[in-house]
1. Being under 26 Å from V123 (Cβ atoms) and over 19 Å from the mean Cα position of the chain (by Cα), is that true of even one residue in segment 146-162?
2. Of the numbered conditions (1) in contact with a Lys or Arg (Cβ under 7 Å, 6 or more places away or on another chain); (2) modelled with pLDDT of 95 or more, G348 satisfies every one except a single condition; which is it?
3. Give the residues of segment 75-87 that are outside any strand (DSSP E or B) and within 21 Å of R350 (Cβ to Cβ), sorted by residue number.
4. So K60 clears everything in (1) crowded, with 22+ Cβ neighbours inside 10 Å; (2) at pLDDT below 95; (3) over 15 Å from S110 (Cα atoms) except one condition, right? Which one?
5. Look through A390, A370, A425 and report the one residue that is modelled with pLDDT of 85 or more, out of contact with any Lys or Arg (no Cβ under 6 Å at 6 or more places or on another chain) and surrounded by fewer than 21 Cβ atoms within 10 Å (Cβ to Cβ).
6. So which residues in segment 428-441 are surrounded by fewer than 16 Cβ atoms within 10 Å (Cβ to Cβ) and assigned to a loop (DSSP other than H, G, I, E, B), if there are any at all?
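The values are calculated or read from the model by the stated rules, or taken from the named source; none is laboratory data. Not measured: the values here are computed from a predicted model. Here the Cβ positions follow ideal geometry from the backbone for every residue, glycine too, while neighbour counts run over all protein chains shown.
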Amino acid sequence: MNCNKDFCFFKFRGKLLTINKFTVFVSISLFYHLNTMAEMPVVPVPSENPITESKRILGKILFWDEQLSSDNTMACGTCHIPSSGGADPRLAVNPGFDEIFGTEDDVVGSMGVVHYDENMQRVDDALFGFEVQVTDRNTPTFINAMYADDLFWDGRALSQFSDPQNPSSVVIARGGALESQAVDPILNNIEMAKNGRTWDEVINKLLSVQPLAIAKNIPADMSEALAIHKTYPELFNQAFGDSTITAARIGMAIATYERTLVSDQTPWDSYMAGNVTAMTADQIQGWILFQTGSGMGGNGPSCASCHVPPLFTDNKYYNIGLRPAQEDAGRMNVTNNPDDFGSFRTPGLRNIGLKSAMMHVGWITDSMDAIDFYNAGTADITSQHVQFTANQSSLPPPNPNAPMRPPYSSIAIEVNSEENQAKVADFMSNALTDPRVANETFPFDRPTLNSEITHPINSGLNGGWYNPETSGQGFMLEILPDSQRAFFAWFTYDTQEPVEGLPNSIGATEHRWLTGLGEIDMENKSITFDVNVTSNGLFDNPQDVTITAANSVGSLTIAFDDCKTATVSYDMLNHTQINSFEISRISAESNYICEKMLTGKPVQELNLVENPSSGFTVNYGLAGGWYNPETSGQGILIDVLPQTNRVFFTWFTYDTQAPPEQASAIIGDSSHRWLTGLGEIDPQTNSVTIDLNLTTGGKFDDATPVQYSEANSYGTVTLSFEDCSNMQMQYNLYDAALTGMIDYSRISAENIALCEYLSNKQ
C-alpha cells in the first residue's frame, strides 16, 4: 500500500485472499496504470481510512442489515441491488414539485419507511398517508461511486468527512465522499429513520441486535466472519482495534466495503484489452458512434463528451433540461451558485442495461429512451420527450482552452438512422454490463433481505375466520412468523354442530375445541393440520391448552384462495370421509394488510417497535385467540396489524353463557352478536383501548368480511397485557351501563413462545 498526504492506494489484484477459513480468488482490479482509455483509474483511498479485510467485512454486513433502520425494513442495500445496476428495482412514485400525484412532474423514486414520530407511532403523512414514503429523486448506483469527488445527484455528500456526532471534527480531510454519503440515510426520516432519530439510538440498537438476524442466504465471507464474531461490538473490535461503535466508524466501514466494488469486467473492457470477439459487430459500431459524434447534428460533441471512458462519466454537473429547474434546484442547493441551477451529476453508464429507472427523475426507462430524450430538441419526430431549455447547460468543451459548445438541446443522436440508434443503445446496455454485477457474484454478492421474501401465506392471515353458511362456528388461525408453522382452533359459539360428521362433543354443550399444529405449504398456499380434541372439553386451565397426539381425531387442510376466502377440507372419525366448506375473514383490516404482503409491499413480518423505556415490546406474537379460564363461554380474537401498531378486536360467545354478568341481552343471547373494534397499541403502557361496535344483524351470515363502523358504537374495552400469556380486559358497555374486568389467558402455547421470543429480541 502506497500513501501520500491525502490518499493511500490499495491493490489486491490476482491475489489469494483468505477470509477466515475459506479462500476466494479476488478478481477485483483496484490498481491500473493510466496509459490507455480502457484502464480504470486507481481507487483513491483516504489515508485516514485504509482498506482492511476486517473493515470490508464489517461494512458489507452493515450495508445489508435491515436492522440499521428504525423499523427493520430498510438496509442501505435495499435501494442498491447489484443485479439492478446498483440501483433500486422497486419503482415507486413521488408526486414531485406540485405534490400532486399523476402530473407531469412526478418522480420515480425509492420506497423508504412509513412516517414515524419520535415514539415510533405512524404519522398520517401529508403526501403518503400511512403508506411508505418515496424519495424525491431516483436512486443512483453505488458501484464505482468511489471515483467521484462528491456524491448524491447534487454532490451534497462532500469529500471532507466530518464526524456525524461532532460536526466540528474533521475525520477525513479529502476523499471521504463515500463516508459522507454512507451515514446520511441512516437518520433520514424518509429513507431509514423515525423522526428525530439520534446516533445514540442507532448505536444502542447495534449493541443489542444480532448482525444480519433477519437476512437469509448470507454469503460465505460474511457468514464465516459472523461465525467467529457474533456481535457488532466484536466486529468493530476486529475492524478498528476496540469495540466502540461510533457514527464515523459506521460510515468508514461501509465506505471501505464500497471501495472494493469496482466494475471493470465488461465486454468493453475485454475488447479494449485485445479480445476483438468480446463485443458484437453492432456493439463495436455503437462504440464508434458513441465516441465520434457522427450524426450528432454536426456540432462535434459525442456521448463520450460527458460519459468519458473508462468510467463513462466525468462526475461533473449539468442541467440537461429534464424538467424546469425551479422544480429541483439540484447542485445550486449545495453551492449557492446560480450557474448550477437545476444541474445534476453525470451518471456512469456501466451496468446501465440492468436498470429500469434512469437519470435523477427516474422515468427514463432504458438506453433507447435516453437517446429519445436527447433527440427531443431536434426535428426527430419519433421523440416522445420534451426538453426544458430555460436554464439548460452548454455542452462541455473538448479541452479547458476550447470555447463552450452549444446547449444540450442541439444534440441529435443519429436522427436519420434508427438502426444506428439501436447500435449505440446496444453498446451502452450490453457491452458495458459486468456479468459479476448482473449475476451478483463476488464481490457483488449479497444476502437475501427479509423485505424481499414474499410469503404466499403470511402473518397477515392471523386472526379470525368464520363459515358464512353456518353461524355457529369459527376458526382462530395463528401463522407463526419465521417458522412456516401455524396453530388453529376450531370452535362453536352456539350449540349447533359446525358441520355434518364431526364428533358429537364438538357441537355439544361441553364445547370441546379442535386444535392443531401444521406446516405451511408455500407452493400450494395451504396448511395441513393434525387435529386434536382439547383435554376435558373446556378451557379450564388458566395456563394454555396443550396439544397431545393421543387425542388425534383426524386431519384438516386450509387452502387459501386469497386473503379473504379459504376452503377447509377435513378427514375425521377414523378417516371415513372427506368433507369441505368455505370460510371467510372476520377482519377487513387484516385482509388489507395480507394483500399488501402478497403483492410484495414492504410489510415487515418481524416488526419490533423500538421502545427502550418498556420491558415489553408489542409484536405479532399477541395475535390470535385468548380465552377466559373462569368462564368457558366466551373468548376474544386479536389481529395485530403489521407495521401499524393497530389492533382489530373481536369479542364473542361460543355458548349461551353471557361473558360478563347480566350482559346476555347484548352478546349472550341466542343471536350471538359479536363486538368488534379497532384500537392503537400504546407501547409505553402495553395496552390498547378499543371502540366497540356491534356486528350487523348479529350473525356472520354475509360472505363479505365484517366491516368496522363508528356509527355502531357500543362502548369501549381496554386490553392490558401483563406478559405474553396473560391479559386483563376492562369493559364499559354504554347501553347496558355495564363495567367490569375480566382476566384472559392465551390459547396457543406456540404463540406464547413466539411472543416471548419477539419481546426479548431487539
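1. Yes, segment 146-162 contains a residue that is under 26 Å from V123 (Cβ atoms) and over 19 Å from the mean Cα position of the chain (by Cα).
2. G348 satisfies all of (1) in contact with a Lys or Arg (Cβ under 7 Å, 6 or more places away or on another chain); (2) modelled with pLDDT of 95 or more except (1).
3. Selection gives C76, G77, C79, H80, P82, S83, S84, G85, G86.
4. (2)
5. When all the criteria are applied, what remains is A390.
6. Initially, segment 428-441 is screened for residues surrounded by fewer than 16 Cβ atoms within 10 Å (Cβ to Cβ), giving 435, 439-441.
Hits for segment 428-441 are E440, T441.
Conditions (1) in the same structural domain as P324 (by TED's automatic domain parsing); (2) more than 14 Å from the chain's Cα centre (by Cα); (3) in a loop (DSSP other than H, G, I, E, B); (4) closer than 24 Å to M222 by Cβ, marked per residue:
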residue: V42; (1), (2), (3), (4): no, yes, yes, no
residue: K55; (1), (2), (3), (4): no, yes, no, yes
residue: K60; (1), (2), (3), (4): no, yes, no, yes
residue: N72; (1), (2), (3), (4): no, no, yes, yes
residue: P89; (1), (2), (3), (4): no, no, yes, yes
residue: V93; (1), (2), (3), (4): no, yes, no, no
residue: D98; (1), (2), (3), (4): no, yes, yes, no
residue: E118; (1), (2), (3), (4): no, yes, yes, no
residue: L127; (1), (2), (3), (4): no, yes, yes, no
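Conditions tested, residue by residue: (1) surrounded by 17 or more Cβ atoms within 10 Å (Cβ to Cβ); (2) at pLDDT 95 or above; (3) touching an Asp or Glu at 6+ places or on another chain (Cβ under 6 Å); (4) more than 25 Å from N72 (Cβ to Cβ).
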| residue | (1), (2), (3), (4) |
| --- | --- |
| W153 | yes, yes, no, yes |
| F161 | yes, yes, yes, yes |
| P164 | yes, yes, no, no |
| I172 | yes, yes, yes, yes |
| A182 | yes, yes, no, no |
| P185 | yes, yes, yes, no |
| E191 | yes, yes, no, no |
